[in-house]
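**Student:** Questions regarding the structure given below will be posed in turn.
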Amino acid sequence: MRKKSKTDFTTLLWDVDGTLLDFDYSMRGALRKCFFTAGIPLTEEMIQCYSQINDGYWKRLERGEVTKEELLNGRFRDFFAAQKLEGMDVEAFREEYEAGLGQIYAYRDDALTLVKSLQGHYRQYVVTNGVTAVQKSKLRLSGLSEVMDGVFISESIGHAKPSRIFFEYCLEHLDEKDRGRILIVGDSMTSDILGGVQAGIRTCWYNPKEQSCDYAYRADYEISVLQQIYEVLGIYE
């Protein structure tokens, strides 16, 4: 652990998919596994099609327009229809896909080493939208669950980020009660950052592609690589 200057943060809330772990890597691996089982060639166009449909469903879930169950099955029904894949078993495909997501992972920016370096100096928690079994498996296999002081998964709570109910539940279960000393780090402006803003905690947007922000609200901090969190926390050599 590097030397630390005076900082008022005590607690870090970490998003998982797209922040600590590479969701695109897991998604592609899970899709390849499913289509290999089905004996159907998987193309890049098919992957992009599914990715867009999947992302659209998660955005709709964030806005409260669909339920989790509607998302989990609907994305595959729409995908199969768009690709004219007839006779596909949605439930069986979903089961194999979720199993793959829970077993296939890759770190973003050497994330495990980073969070380990902060262990014992900050309280660290996972705050994630996703299927409980999938996320728990991924966190266990990646070693992240051993580092975290707690894990909050939307399916278990019954509400997804950026819902105020989700964040209030998380905050009620933290040792730190001063919201000004809590920081959420995530890659989604509509999920992590909006949720943090609404909850009254400080926010850090992980923006590796250095995209422009077109939203009315802003993050308190912005980083393009995870290791820049040291600067946000006031940690120096």
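**Student:** Kindly provide the set of residues from region 11-39 that are hydroxyl-bearing (S, T, Y) and surrounded by fewer than 19 Cβ atoms within 10 Å (Cβ to Cβ), ordered by number.
**Tutor:** Result: Y25, T37.
**Student:** So how many residues does region 155-180 have that are assigned to a helix (DSSP H, G or I), crowded, with 16+ Cβ neighbours inside 10 Å and basic (K, R)?
**Tutor:** 0
**Student:** Just give me the residues in region 184-193 being under 13 Å from D220 (Cβ atoms) and either part of a helix (DSSP H, G or I) or modelled with pLDDT under 95 (or both), in sequence order.
**Tutor:** Once the filter is applied, which keeps residues that are under 13 Å from D220 (Cβ atoms) and either part of a helix (DSSP H, G or I) or modelled with pLDDT under 95 (or both), region 184-193 yields M189, D192, I193.
**Student:** Moving on. Say whether the condition of being part of a helix (DSSP H, G or I), surrounded by 16 or more Cβ atoms within 10 Å (Cβ to Cβ) and either touching a Gly at 6+ places or on another chain (Cβ under 9 Å) or free of Cβ contacts under 8 Å to residues at least 24 places away in the same chain (or both) is met by at least one residue in region 205-224.
**Tutor:** no
**Student:** When you scan region 64-71, do you find a residue that is open to solvent by less than 40 Å² (accessible area, probe 1.4 Å), acidic (D, E) and not in a loop (DSSP other than H, G, I, E, B), even just one?
**Tutor:** Scanning region 64-71 turns up no residue that is open to solvent by less than 40 Å² (accessible area, probe 1.4 Å), acidic (D, E) and not in a loop (DSSP other than H, G, I, E, B).
**Student:** Return yes or no: is P208 modelled with pLDDT of 95 or more and more than 14 Å from the chain's Cα centre (by Cα)?
**Tutor:** yes
**Student:** Has region 26-43 got at least one residue that is without any contact (Cβ under 8 Å) to a residue 24 or more places away in the chain, over 26 Å from K136 (Cα atoms) and of a type in the set (F, W, Y)?
**Tutor:** no
**Student:** Follow-up. Go through (1) β-branched (V, I, T); (2) in a loop (DSSP other than H, G, I, E, B); (3) at pLDDT 95 or above one by one and return the number of the condition I53 breaks.
**Tutor:** The single condition I53 does not satisfy is (2).
**Student:** Now for a separate question. What is the residue count in region 96-137 for residues that are part of a strand (DSSP E or B) and open to solvent by 40 Å² or more (accessible area, probe 1.4 Å)?
**Tutor:** 3
The values are calculated or read from the model by the stated rules, or taken from the named source; none is laboratory data. A quick note: this is a predicted structure, and the numbers were derived from the prediction, not measured. We place every Cβ from the backbone using ideal geometry, glycine too, and count neighbours over all the protein chains shown. Please note that ligands, DNA and RNA were not included when accessible areas were found on the heavy atoms of the full protein model with its side chains. Shrake-Rupley method; radii C 1.70, N 1.55, O 1.52, S 1.80 Å.
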